[in-house]
Amino acid sequence: MSKITEVVNLVEIKLKKLLENYNFLKDENEFLLNKISDLENQIVKNEQLYNELNEKYTSLKIAKTIEGSKEDRRETKLKINALIREVDVCIKQLSE
């Protein structure tokens, strides 16, 4: 009988340890999933900020060229031509 009691106690101890590990890992997993979500949100915000800053930079380059700066004139002319073509396409689509 003593042997059976020892085995049952050992099983109980191992089961308690297993449950503790399970709970710890479950909590850790939840924490990590929250951290992933936060980081994904941060990535989206950073991408939006990058896009906004890139647009401002492009606008500034165009403004400097129009202002009389000799840098990036060719690029500005190409951008203006692309915008004109885009407007022409829009006008064509509206007229149809």
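Given +1 on the Cβ of Lys and Arg, -1 on the Cβ of Asp and Glu, and no further charges, what dipole in debye does region 2-95 carry about its Cα centre, rounded to the nearest 20? Numbers along the way, then the final one.
Values: 17 positive and 17 negative charges, 94 e Å.
Magnitude of the dipole: close to 460 debye.
Can you work out ³J(HN,Hα) from phi for every residue in region 35-47, in order, using Karplus 6.51 cos²θ - 1.76 cosθ + 1.60 and θ = phi - 60°, giving whole Hz and x for Gly and Pro?
5, 4, 4, 4, 5, 5, 5, 5, 4, 4, 4, 5, 5
For LYS61, go through the lysines and keep the ones whose alpha-carbon is under 28 Å away, minus same-chain ones fewer than eight residues off.
The qualifying lysines are LYS45, LYS70, LYS77, LYS79.
All of the numbers you see were taken from the coordinates with simple rules; none came from a lab. Predicted model only: the values in this text are computed from it and were never measured. A quick note on method: Cβ atoms are made from the backbone with ideal geometry, for glycine too, and the neighbour counts reach across all protein chains shown.
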